[in-house]
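Undergrad: Sharing a structure, written as structure tokens. Questions coming.
The values are calculated or read from the model by the stated rules, or taken from the named source; none is laboratory data. The shown structure was predicted, so the numbers you read here are calculated from the model rather than taken from an experiment. Glycine also receives a Cβ, built like all others from the backbone with ideal geometry; neighbour counts cover every protein chain displayed.
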Amino acid sequence: MIELINMGIDGITTNYPQTLYLLSDTTAPSDVIINSATPSGATDIILNWQPATDPESGITNYLVYRNINPNPIDLYATVGDTTDFIDHTSVENRTYYYRIKAVNGATLKSLNFSNQVSATTTVDEAKPTVLFITSVNDSQSVYIEFDEQVDELSAETFPITLLIKV
């Protein structure tokens, strides 16, 4: 259909009119307005925004841009037609800046970035909890699974006192 449209034809007969309708949409979706960026826990940030609109082909997804510097232009995540996103940063005590664009059914993006918001993660004061320990038939290594991300270097080098019950 795209090739025919680009050739300048006057009409197309199809069993898939919704596809033709989407392809003929040349109007970008409305710009996004971010309501909030709220820290949650120590390293998660919850983004919430107002839905964009596109009467021709609807909104198919949102593009989330994130950086540690203002005015991010690096695409960080693509989410569906939802208006919420949880950024699991896994980094403590850092400020992140966010902007969003909408994408419609014809894959056109909002003309402008959304307003910029920022949020700062906090310091995780809770100690990680051990979920699982195994040696996997390896007498030289012990593998430990925690309930949260643990810095690999400190987990490997931190002095550990083992209490072995017989």
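Undergrad: For the range 9-60, how many residues are of a type in the set (A, V, I, L, M) and at pLDDT 95 or above?
TA: Total meeting the criteria: 8.
Undergrad: Here's a follow-up. Report, ordered by the first and then the second residue, all pairs with beta carbons closer than 6 Å, sequence separation of six or more or different chains, a first member in the range 59-82 that is among the charged types (D, E, K, R), and a second member that is at pLDDT 95 or above.
TA: Final answer for the pair search is ARG66/PRO72; ARG66/TYR76; ARG66/TYR96; ARG66/TYR98; ASP74/ASN67.
Undergrad: Touching a residue at least 24 places away in the same chain (Cβ under 8 Å), in contact with a strand residue (DSSP E or B) (Cβ under 9 Å, 6 or more places away or on another chain) and surrounded by 19 or more Cβ atoms within 10 Å (Cβ to Cβ), is that true of SER118?
TA: Spelling it out, it is not the case that SER118 is touching a residue at least 24 places away in the same chain (Cβ under 8 Å), in contact with a strand residue (DSSP E or B) (Cβ under 9 Å, 6 or more places away or on another chain) and surrounded by 19 or more Cβ atoms within 10 Å (Cβ to Cβ).
Undergrad: Moving on to the next point. Does the range 39-58 contain at least one residue that is touching a helix residue (DSSP H, G or I) at 6+ places or on another chain (Cβ under 7 Å) and small (Gly, Ala, Ser)?
TA: Taking every residue of the range 39-58 in turn, at least one turns out to be touching a helix residue (DSSP H, G or I) at 6+ places or on another chain (Cβ under 7 Å) and small (Gly, Ala, Ser).
Undergrad: Provide a single number: the residues in the range 18-29 that are among the polar types (S, T, N, Q) and in contact with a Leu (Cβ under 9 Å, 6 or more places away or on another chain).
TA: Residues meeting the conditions: 2.
Undergrad: If you don't mind, another one. Anything in the range 42-55 that is surrounded by fewer than 19 Cβ atoms within 10 Å (Cβ to Cβ) and either in contact (Cβ under 8 Å) with a residue 60 or more places away in the chain or of a type in the set (D, E, K, R) (or both)? List them, or say none.
TA: Matches in the range 42-55: ALA42, ASP44.
Undergrad: For the range 25-41, what are the residues that are in contact (Cβ under 8 Å) with a residue 60 or more places away in the chain and either over 25 Å from GLN149 (Cβ atoms) or buried (at least 18 other Cβ atoms within 10 Å of the Cβ) (or both)?
TA: ASP25, THR26, THR27, ALA28, PRO29, SER30, ASP31, VAL32, ILE33, ILE34, ALA37
Undergrad: Go through the range 110-130 and report how many residues are modelled with pLDDT under 85 and not in a loop (DSSP other than H, G, I, E, B).
TA: Residues in the range 110-130 being modelled with pLDDT under 85 and not in a loop (DSSP other than H, G, I, E, B): 1 in total.
Undergrad: Looking at ASN67, ASN61, which one is closer than 30 Å to GLU125 by Cβ and not small (Gly, Ala, Ser)?
TA: Residue meeting the stated conditions: ASN67.
Undergrad: Mind checking which residues of the range 86-109 are surrounded by fewer than 19 Cβ atoms within 10 Å (Cβ to Cβ), hydrophobic (A, V, I, L, M, F, W, C) and at pLDDT 95 or above?
TA: ILE86
Undergrad: Quick test of your reading of the structure: TYR65 fulfils all but one of (1) closer than 29 Å to ASP147 by Cβ; (2) buried (at least 17 other Cβ atoms within 10 Å of the Cβ). Name the failing condition by number.
TA: All conditions are met except number (1).
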